[in-house]
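Reading through the structure tokens given below for one structure.
The values are calculated or read from the model by the stated rules, or taken from the named source; none is laboratory data. The shown structure was predicted, so the numbers you read here are calculated from the model rather than taken from an experiment. Heads up, the Cβs are rebuilt from the backbone with ideal geometry, glycines too, and the neighbour counts pull from every protein chain shown.
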Amino acid sequence: MFRIRRIFDNVRTIDREEIRQVQAILKEQFHLLPQKDIDKLPDMLLNPLKHRFRAILFVADNLKGDVLGFALLLHDQALKFCYLDFLSAAKELTGRGIGGFLYGRVRDEALALKSVGIFFECLPDDPELSRDPEIRKENAARLSFYERFGARPIAGTAYETPVKPGGDNPPYLVFDGLGRDNPLRRSVTKRIVRAILSRKYRKYCPKDYIDRVVASFREDPVRLRKPQYIRTPVSDRKPAAVVAEDTKILLIAGNKHAIHHVRERGYVESPVRVRTILKEIEHLELFRRIPARHFSESHILKVHNRKYVSYFKKACRLLEPGESIYPYVFPIRNAARPPRETAVRAGYYCIDTFTPLNGSAYLAAREAVDCALTGARRLWEGDLLVYALVRPPGHHAERGAFGGFCYFNSAAVAAEFLRPSGPVAILDLDYHHGNGQQEIFYRRKSVLTVSIHGHPRFAYPYFNGFENERGQGVGRGYNLNLPLPEEVEGRRYRKALDIALRKIRRFKPSYLIVALGLDTAKGDPTGTWMLGSKDFEENGRRIGMLKLPTLVVQEGGYNHRNLGVNARHFFIGLHAGMHGAV
């Protein structure tokens, strides 16, 4: 059992370890490859401009973190071509289909990048070019493998001319048109060949040699060698998938959220919110739904006060079905001595008068945390995009207080789970300030908290979210509030979003958690802003371009007419930003 996934950089522990294993395979199987070329792999992923190609690394691994094979694809956005630099399975695993799955994933990526095709080199099967019969047999097997996908050597050129006269095994240049019948134009191919030779082999190929090889491409369109091993025409082969499996957004939506239903007029945080979003996104190929795992309460206790958690659990257990407690007495001046009566004590732990406790609130909030933790664990295991579609929301829940329909801060619990593996950034996009994350992490620097919200002079929760709240102690500078005026449209919002994204880039987190509020949309009953579906898509795209392992946790959003549509557009943009070309 294995999976194929993409590695963007060496920030996460799992990615650093798997890059190290890829380097070990390179050293073992490609003996002539200089060590400095092996060592530069992490830098190739991080600095595409420096290396004049965008490096894309796919690994086949098991859930233990063992690399079973890898493919390194180079992409040139200007010339719109891909070059397969390496494709290899671990030595003891060759012949088990891993190479085929990896190459299929490479083809999917090349199609998604709208490239003219994939170019790569293969050693020759011609006796005049490969003298050793055993080596020639290996070369033929490799060419046969690629021919199954429709990839064949380019014919009638001098590409396989040895740099030094008399050299053995000069490589063919092989082309895969990705199952399309588009002719390979000579003018385009000559520019691509010059780019390959001058960038990859500039230390080995003199300029006059490169000029001769490029000039040898005389036929238009460029001709491919006739199939030697496989008879099935390329046009009969199934086209690559539109959305590759490893790029899909993992969707986690619990089953218990619907039990938390306050059937009272004006209570907008209802189960229909989740159903409305699911209806719009489940049919998209972008998503793959997975079940939530159950986690121990210890994760909640790392960010929430034990006495508060105990009270919340006990109060909900004592309530009859349909019965609710609304806070109405707030003993804030003597917070050290909570009232004894359960109903009165609600105000001791609450920040408003409209967030009730009922018999189902604890169970629903626990499941929301489980969904967020499941997503966090999948990021830790190597996945890139996860959406925890949860209710009740959580971003107003502080260490020892609930409010704003929020009981447990799911995003904060997920951040605390990930924090030992590297720094975490929380980006709160809800119309209302993310006071919960701010309060929980205000004196710490391992979690950056950023919130774009309505100014507290008019928007809930009113008592914080001001620009001058920047953190305390070692946490000074690790909280950023971007309060905006009552009337905001897409362009004004994106100015604030760009400031937030610059702050996150400078922080260099290993993980990003997005507290996604859709109440920034036009017509939301709890907000005053004017964002439309195209704004959500563009916002998602800009966040995706951070290329960070990202967990999205659902927060607010209460206009059921546009809630699902806006969610759909946000994730289309997020996916495009994450997996599109730079």
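The table below gives the values:
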| item | result |
| --- | --- |
| Candidates Arg54, Arg105, filtered to the one that is closer than 21 Å to Lys203 by Cα and either in contact (Cβ under 8 Å) with a residue 40 or more places away in the chain or hydroxyl-bearing (Ser, Thr, Tyr) (or both) | Arg54 |
| Only one of Asp519, Asp524 that is assigned to a loop (DSSP other than H, G, I, E, B), within 22 Å of Val390 (Cα to Cα), at pLDDT 95 or above and of a type in the set (D, E, K, R) | Asp519 |
| Per-region count, the range 409-423, residues part of a loop (DSSP other than H, G, I, E, B) and either farther than 14 Å from Gly556 by Cα or among the β-branched types (Val, Ile, Thr) (or both) | 2 |
| Which listed residue is among the aliphatic types (A, V, I, L, M) and over 30 Å from Lys50 (Cα atoms), from Val222, Val163 | Val222 |
| Exclusive hit being in contact (Cβ under 8 Å) with a residue 60 or more places away in the chain and in a strand (DSSP E or B), set Ile426, Ile440 | Ile426 |
| Residues satisfying the stated conditions in the range 214-228, i.e. of a type in the set (A, V, I, L, M) and either surrounded by fewer than 14 Cβ atoms within 10 Å (Cβ to Cβ) or assigned to a loop (DSSP other than H, G, I, E, B) (or both) | Ala215, Val222 |
| When residues of the range 549-582 are limited to those that are in contact with a strand residue (DSSP E or B) (Cβ under 8 Å, 6 or more places away or on another chain) and without any contact (Cβ under 8 Å) to a residue 60 or more places away in the chain, the one nearest to Lys495 (Cα to Cα) | Phe570 |
| From Leu384, Leu363, residue being modelled with pLDDT of 90 or more and crowded, with 18+ Cβ neighbours inside 10 Å | Leu384 |
| Subset tally (residues that are out of contact with any helix residue (DSSP H, G or I) (no Cβ under 6 Å at 6 or more places or on another chain) and in a loop (DSSP other than H, G, I, E, B)) for the range 167-213 | 17 |
| When residues of the range 470-484 are limited to those that are in contact with a Gly (Cβ under 8 Å, 6 or more places away or on another chain) and part of a loop (DSSP other than H, G, I, E, B), the one surrounded by the fewest Cβ atoms within 10 Å (Cβ to Cβ) | Gly477 |
| Gly69 vs. criteria surrounded by 15 or more Cβ atoms within 10 Å (Cβ to Cβ) and not acidic (Asp, Glu) | yes |
| Filtered residues of the range 160-171 (kept if of a type outside the set (A, V, I, L, M, F, W, C) and in contact with a Phe, Trp or Tyr (Cβ under 7 Å, 6 or more places away or on another chain)) | Glu160 |
| Failed criterion for Tyr493 (all others in (1) surrounded by 20 or more Cβ atoms within 10 Å (Cβ to Cβ); (2) assigned to a helix (DSSP H, G or I); (3) touching a His at 6+ places or on another chain (Cβ under 9 Å); (4) in contact (Cβ under 8 Å) with a residue 40 or more places away in the chain hold) | (3) |
| All positions within the range 486-520 that are more than 16 Å from Asp428 (Cβ to Cβ) and touching a strand residue (DSSP E or B) at 6+ places or on another chain (Cβ under 8 Å) | Glu486, Glu489, Gly490, Arg492, Ser510 |
| Phe507 being surrounded by fewer than 23 Cβ atoms within 10 Å (Cβ to Cβ) and farther than 25 Å from Gly404 by Cα | yes |
| Count of residues meeting criterion [of a type outside the set (A, V, I, L, M, F, W, C), closer than 27 Å to Ala365 by Cα and in a helix (DSSP H, G or I)] in the range 531-568 | 4 |
| The range 113-144 - residue that is aliphatic (A, V, I, L, M) and within 31 Å of the chain's Cα centre (by Cα) and, of those, farthest from Leu184 (Cα to Cα) | Leu113 |
| 1 or more residues modelled with pLDDT under 90 and either on the phi < 0 side of the Ramachandran plot or in contact with a Ser or Thr (Cβ under 9 Å, 6 or more places away or on another chain) (or both): qualifying helices (runs of 4 or more DSSP H) within the range 246-358 | 272-281, 342-349 |
| Evaluation of Ile118 against (1) closer than 24 Å to Arg3 by Cβ; (2) modelled with pLDDT of 95 or more; (3) out of contact with any Cys (no Cβ under 8 Å at 6 or more places or on another chain) (one fails), failing number | (3) |
| Any chance His433 is in the same structural domain as Asn559 (by TED's automatic domain parsing), part of a loop (DSSP other than H, G, I, E, B), without any contact (Cβ under 8 Å) to a residue 60 or more places away in the chain and crowded, with 24+ Cβ neighbours inside 10 Å | yes |
| Odd one out for Arg505 among (1) part of a helix (DSSP H, G or I); (2) closer than 29 Å to Glu381 by Cβ; (3) in contact with a helix residue (DSSP H, G or I) (Cβ under 6 Å, 6 or more places away or on another chain) | (3) |
| Any pair with Cβ under 6 angstrom, 6 or more apart, that starts in the range 1-19 at a residue that is at positive phi and not assigned by TED's automatic domain parsing to the domain that holds Arg105 and ends at one that is crowded, with 20+ Cβ neighbours inside 10 Å and assigned to a helix (DSSP H, G or I) | none |
